[in-house]
Each structure stands twice: as structure tokens, then as C-alpha cells.
């Protein structure tokens, strides 16, 4: 796949990642029990999938496979480092992968706990 189709696929994958990232960070805020349950299930599921896939998101792997026929593309900066690329691109900062992993796990853990707390408070009311 090349040209406009390749750019469209890359754009779609990047923006789907952004949507997933926003849901992980802010899903706990939504005052709907089904969304809170989805958040409680998806956050650890995403972590588990990422861990089992050698610290890389399968979405990046699928993109690499469709574009280049490779499950792992060493030229794809986002593969295994999506959050680092986002922070560099949108915030202009240059964090290390280790720093971003620690921050990412902390934010995911906090968001997951807040989601559980929010759901608990909604069911107790």
C-alpha cells in the first residue's frame, strides 16, 4: 500500500490510538455504568495485550503489516513508543521510553481506580 491509501491508513491508526488514549484517561468520568464497566475491563485488557505483544500495540503491528508486509517495522516510530511520539508531537517534550512507561502505567492505574470508585459510588447511591 502506498500514496494516499497509506497516508489514510496511518492517519486512521494514529487517530484511533488517540481516541483509545483519551478513553483510557477520561473514561472514568462518564456517568454511565456500562461505560465505567467497559473502562474497568478494557484498561487491564489493553495493558495485558500490550505486554504479551512485546510492549507494542497490535494496532501498530496491523498498520505495519498492511503497509509493508511486516508485523514489526523498525521504521515505524509509533510501534512500541506511541505515547512518546504523541508527547513529542503535541507537547514538544522529549521524554525517554522508560519515563513514559512509568507515567503511562501510573495514569492507567489511577484512571482504572477512579473508574472503579466512580462505579462503586454510583451503585451505592
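Read-outs throughout are calculated quantities, based only on the coordinates presented, and are distinct from any laboratory measurement. These figures come from a predicted structure and were not determined experimentally. Cβ: placed from backbone, ideal geometry, glycine included. Neighbour counts: every protein chain shown.
Quick look at the numbers
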quantity: Sequence of 84, 35, 29, 19 once ranked by neighbouring C-beta atoms within 10 Å, starting from the fewest; calculated: 19, 29, 35, 84
quantity: Degrees, to the nearest 10: 97-124 long Cα axis against longest axis of the chain; calculated: 30 degrees
quantity: Added length on full extension, which subtracts the Cα-Cα distance from 0.36 nm per residue, residue 26 to residue 38; calculated: 3.1 nm
quantity: Acute angle (nearest 10 degrees) that the helix 58-68 long axis makes with the longest principal axis of the chain, alpha-carbon atoms; calculated: 20 degrees
quantity: Fluctuation leader among 54, 73, 101 - the chain, Gaussian network, Cα springs under 10 angstrom; calculated: 54
quantity: Projected area averaged over orientations for the chain, convex hull of C-alpha atoms, nm²; calculated: 8.4 nm²
quantity: Within the chain, helix-based [θ] at 222 nm, where runs of 4 or more DSSP H residues each add -39,500 (n - 2.57), nearest 500; calculated: -23500 deg cm²/dmol
quantity: Förster radius 41 Å - calculated FRET efficiency between residue 123 and residue 52 (Cβ-Cβ, nearest 0.05); calculated: 0.85
quantity: Relative contact order (%) - the chain, alpha-carbon pairs under 8 angstrom, separation at least six; calculated: 32 percent
